[in-house]
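Asker: Structure in structure tokens, see below.
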Amino acid sequence: MLQTVGKFIINYPSIIILVFLISLGAFISPVFFTSRNFVNILWSVSVLGIIAVGQTVLLITGNFDMSVAYIVGLSGITTVMLQINGANLITSVAGGLAAGVIIGFLNGLIIIRTNANAFLVTLGTSALVYSINLILTQSKTWYAQIDAFLILGRGKFYGTIHYSVIIFLTMAIFVQIILRRTIFGRSLYIIGHNPKAAKYSGIQVNRLKFGVYLFCGFCAGLAGLVMTARTGSTVANAGVGLEFDSLIVSVLGGTSLFGGKGGTIRTIIGILILGVISNLLILLNIQYEAQQIAKGVVFLTVVCADGILEKKRRSS
Amino acid sequence: MIRKIFHFILQQNIIILFLSLFIVFGIFKGDLFLNGINLHNIARQISFDIPLALALTTVLIVGGIDLSIGSVLSMSAALTMGIQPTGTYFAVLIALLFGILIGFLNGILITKGKVVPFITTLGTMTLVKGIMLTYTKQLSIAGKDESFTFWGDGSIGVVPTPIIVVLIVALILYIVLKYTKFGRNLYAIGGNPESAYIAGIDVEKNKVFAFMISGFLAALSGVLLASRLNSSTTQLGLDSTNWAIAAAIMGGASMAGGRGKVFGTVIGVASLGILINGMNLIGVFTYYQIGIRALILIIVVAVDAVTATRIRENLQLQAYGKRD
């Protein structure tokens with residue numbers, strides 16, 4: 001019994017951190033441990049969560065996407081622009097999602113064709129998408145025209161929990177099942193572990209990688225729609241910083257930056273940790289700048305732990 | 001003979017790009033482009049980018065990358081201005097030491113923490129940015145010492161002071177990389193860390209030193225920019241990292257490690273500087289310029305990757321004795 005508990009702690013240290021943070025929060029602040037606050041935490045992280053689902057799948061294959069932040073802006077802008085030009089709900093939403101998938105297509109195409117460093121390529125497309133955002137918006141704020149669209153961000157399921165949270169949780173669970181229970185999903189782990197071995201065992205490495213980039217672009221596009229629906233408006237740099245946050249939460253949850261290890265259910269826990277930390281910092285009235293430092297420190301600690309553990313695993 | 005010249009030209013593609021940009025803008029915008037004031041401006045403008053690109057060249061040579069240089073730049077500019085009341089050159093010293101410290105932190109985390117350089121420096125980038133925003137309280141800091149502006153804004157004769165400073169620094173770096181044991185070790189580590197280790201090179205120590213040089217150069221750029229503007233803003237260095245990566249790779253460095261030239265990088269920065277200047281003269285809108293810069297980065301990285309793959313394949317062919 002004790003052994004099982006010990007094993008569980010070693011395998012899922014993030015759950016311990018989460019439980020610790022929640023008890024800490026309940027101890028520090030009287031407002032923290034209320035159902036309303038929890039609903040708020042979930043709602044505030046749902047956009048990041050949808051992005052992180054895509055990012056986690058990419059990390060499992062040993063890839064990154066740094067362009068997700070500005071894709072969030074682009075998909076929102078596309079949707080709002082289409083609505084302003086008289087498109088209906090379905091068309092505008094499809095347009096926004098398509099914008100995300102197109103950037104994913106571009107990323108995937110460049111990376112599998114040239115074998116270039118995924119990090120740098122997506123950093124480049126990130127700036128490219130930013131310039132497109134600026135050209136489209138002319139640095140102005142644009143407002144969504146269709147009221148029904150706003151339900152995606154603000155609406156609640158029977159008045160209890162937001163639709164965006166449900167979308168995020170469903171996606172995370174659904175993707176986890178695909179990752180674990182299908183040949184496609186399992187192949188992604190092999191690619192992340194050892195691309196060469198994957199290639200020699202007959203897996204279409206490039207095709208799968210390409211597919212995952214499309215999926216990541218789709219997720220970022222969807223997150224952009226949710227974000228736009230929540231605020232009702234959009235600007236060129238709507239999602240700035242989310243690329244970094246999506247990496248943090250994936251690694252916090254236990255997905256390795258070296259590829260081949262992780263899952264989207266774990267990412268839910270990572271998201272909750274980040275959500276609780278930012279919520280606590282706000283409740284404790286700590287400034288935004290200090291939050292940046294906290295994020296940097298948390299990130300460096302987690303990736304170092306990941307690196308050292310990975311080293312041990314490989315050598316043993 | 002012709003073959004030799006042809007090969008030489010192929011190897012010097014960055015110089016050809018530089019010259020062709022010069023000629024194109026000279027022909028089409030000759031009156032605006034080729035006058036003393038404009039060339040003076042270009043020289044001043046690129047002198048703040050050269051240290052950053054050299055910083056990246058140094059870490060690219062050991063097979064790393066440093067994304068934190070933009071944040072280090074803005075923080076050291078803030079320190080230069082913030083501590084100035086205590087003593088102008090004391091502030092410069094602190095700013096430069098800060099850069100070296102962050103470089104040291106990067107190096108330690110990469111070698112001891114076993115984290116890939118991308119991720120580590122992405123983390124320190126956020127960390128330093130947070131420190132900078134906390135330190136400046138998101139405000140601009142104005143300088144108190146007018147004489148200090150000589151280093152960034154002044155001129156010696158017709159030549160801007162900062163370009164002289166950075167060219168001297170570049171010369172020192174050139175000598176260090178090319179003629180010292182330390183410099184040669186860096187190339188060896190980047191080319192193949194395992195064989196460097198077996199050959200008796202202290203890989204970890206040299207890597208840490210390379211990152212410290214990178215931090216120092218980024219801080220130097222921050223100090224010069226602070227001197228030029230006689231103030232520091234939180235917006236400094238936001239997109240300079242991408243730009244520096246493009247310049248360093250254009251100048252002959254490679255993501256694969258083990259390659260990189262000081263001279264090439266300086267010419268790379270100069271080419272990009274001329275391109276920006278030319279786009280401004282033609283009247284290309286800022287939003288489009290951001291896009292063009294991004295495209296340049298993507299193309300440079302992609303070409304570098306294709307070349308590196310080809311070199312690797314050639315090496316494998318040679319190893320199997322099937323030379324083509």
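The values are calculated or read from the model by the stated rules, or taken from the named source; none is laboratory data. Just so it is clear, the structure is predicted and the values come from calculations on it, not from any experiment. Because the Cβ atoms are built from the backbone with ideal geometry, glycine has one as well, and the counts that use them run over all protein chains shown.
Asker: Considering only residues that are closer than 30 Å to B:Ile290 by Cβ, assigned to a helix (DSSP H, G or I) and hydrophobic (A, V, I, L, M, F, W, C), which ones fall in the range A:124-151?
Answerer: Going through the range A:124-151, the residues closer than 30 Å to B:Ile290 by Cβ turn out to be A:124-145, A:149.
Subsequent filtering for residues that are assigned to a helix (DSSP H, G or I) retains A:124-137, A:149.
Scanning the range A:124-151 gives A:Ala127, A:Leu128, A:Val129, A:Ile132, A:Leu134, A:Ile135, A:Leu136, A:Phe149.
Asker: Just one of B:Ile131, B:Ile156, B:Ile141, B:Ile172 is of a type in the set (A, V, I, L, M), farther than 30 Å from A:Lys312 by Cβ and modelled with pLDDT of 95 or more; which is it?
Answerer: Result of the check over B:Ile131, B:Ile156, B:Ile141, B:Ile172: B:Ile172.
Asker: It is to be established whether one or more residues within the range A:272-282 are free of Cβ contacts under 8 Å to residues at least 24 places away in the same chain, under 23 Å from B:Met125 (Cα atoms) and either within 13 Å of another protein chain (Cβ to nearest Cβ) or crowded, with 24+ Cβ neighbours inside 10 Å (or both).
Answerer: yes
Asker: When you look at B:Ile108, is it within 30 Å of A:Leu59 (Cβ to Cβ), in a helix (DSSP H, G or I), within 14 Å of another protein chain (Cβ to nearest Cβ) and free of Cβ contacts under 8 Å to residues at least 60 places away in the same chain, yes or no? Even if it seems obvious, please write down each step before you answer.
Answerer: Working: within 30 Å of A:Leu59 (Cβ to Cβ): yes; in a helix (DSSP H, G or I): yes; within 14 Å of another protein chain (Cβ to nearest Cβ): yes; free of Cβ contacts under 8 Å to residues at least 60 places away in the same chain: no.
Taking the combined requirement at face value, the residue does not satisfy it.
Asker: Return only the number of the condition from (1) touching a residue at least 40 places away in the same chain (Cβ under 8 Å); (2) out of contact with any Leu (no Cβ under 6 Å at 6 or more places or on another chain); (3) among the small types (Gly, Ala, Ser) that A:Ala116 does not satisfy.
Answerer: Here A:Ala116 meets the rest and fails (1).
Asker: Could you tell me which of the residues B:Thr241, B:Thr307, B:Thr265, B:Thr234 is modelled with pLDDT of 90 or more, under 26 Å from A:Thr125 (Cβ atoms) and polar (S, T, N, Q)? Before the answer, list the steps.
Answerer: Values: B:Thr241 fails: modelled with pLDDT of 90 or more; B:Thr307 fails: modelled with pLDDT of 90 or more; B:Thr234 fails: modelled with pLDDT of 90 or more.
Just one listed residue meets the conditions, B:Thr265.
Asker: Give the residues of the range A:121-161 that are loosely packed, with under 15 Cβ neighbours inside 10 Å and under 15 Å from A:Gly239 (Cβ atoms), sorted by residue number.
Answerer: A:Thr141
Asker: Of A:Glu310, A:Glu289, which residue is among the charged types (D, E, K, R) and in contact (Cβ under 8 Å) with a residue 40 or more places away in the chain? Full working, then the answer.
Answerer: Numbers: A:Glu289 fails: in contact (Cβ under 8 Å) with a residue 40 or more places away in the chain.
Being among the charged types (D, E, K, R) and in contact (Cβ under 8 Å) with a residue 40 or more places away in the chain holds for just one of A:Glu310, A:Glu289, which is A:Glu310.
Asker: Which residue, of A:Lys209, A:Lys261, A:Lys312, is within 14 Å of chain B (Cβ to nearest Cβ) and among the charged types (D, E, K, R)?
Answerer: On the way: A:Lys209 fails: within 14 Å of chain B (Cβ to nearest Cβ); A:Lys261 fails: within 14 Å of chain B (Cβ to nearest Cβ).
Among A:Lys209, A:Lys261, A:Lys312, only A:Lys312 is within 14 Å of chain B (Cβ to nearest Cβ) and among the charged types (D, E, K, R).
A quick yes/no check of all residues on (1) in contact with an Asp or Glu (Cβ under 9 Å, 6 or more places away or on another chain); (2) more than 9 Å from chain A (Cβ to nearest Cβ):
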site	(1), (2)
B:Ala55	yes, yes
B:Gly82	no, yes
B:Gly103	yes, yes
B:Lys114	yes, no
B:Phe118	no, no
B:Leu133	yes, no
B:Leu139	no, yes
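Asker: Residues that are of a type in the set (Asp, Glu): list the helices (runs of 4 or more DSSP H) wholly contained in the range A:1-111 that include at least 1 such residues. Talk me through it step by step, then tell me what you get.
Answerer: Working: elements: A:2-11, A:13-28, A:35-60, A:68-84.
In the range A:1-111, no matching helices (runs of 4 or more DSSP H) lie anywhere.
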